[in-house]
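Take this structure first; my questions come after.
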Amino acid sequence: MMRTTRARRLVPCATLALAFVAPDAWAYLDPSTGSMILSAIVGLFATAALAVKTYWYKLKKLFRRSGNDSSRDSGKAPGQEAGRDAKPASD
């Protein structure tokens, strides 16, 4: 029991110590790196939008109230009657 407690304290301390001792990185970021990062972010948003568009009706059904509305099932507006849409018979 004592060893697990000591190990749990040692790991964060060792990680923090190694982070402060790390040498400087001599790296160069050219101007195209910024546009590459920006295009990756735009791509992530486009992917999320496509996923929402693909599953829109499933998401809509998930958040819809559980009331049973007959006008929604029949495909007609609530005040619409069957005889209104029918074309008058021409003699």
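Rule-based calculations on the coordinates, nothing more; no lab input. Small disclaimer: the values here were computed from a predicted structure and weren't measured. Reconstructed Cβ throughout: ideal geometry from the backbone, glycine too, with neighbour counts over all protein chains shown.
Give me the number: length gained by fully extending T54 to F20, i.e. 0.36 nm times residue separation minus the C-alpha to C-alpha distance, one decimal in nm. All intermediate terms of the calculation are to be shown ahead of the outcome.
Values: separation 34, 0.36 × 34 = 12.24 nm, distance 4.63 nm.
So the chain would gain 7.6 nm between T54 and F20.
Oh, and also: Order of 38-46, 20-28 by packing, highest average Cβ count within 10 Å first?
Working: 38-46: 9.7, 20-28: 5.6.
Ranking, from highest mean packing down: 38-46, 20-28.
In addition: Hey, fewest Cβ within 10 Å first, where do R8, R65 land in order? Let's see the in-between values first.
Details: R8 9, R65 6.
The most exposed by this proxy come first: R65, R8.
A further question on this structure: Just to check I understand the Karplus step: with θ = phi - 60° and J = 6.51 cos²θ - 1.76 cosθ + 1.60, what whole-Hz values come out for the range 51-61, glycine and proline as x?
5, 5, 5, 5, 9, 4, 5, 5, 5, 5, 5
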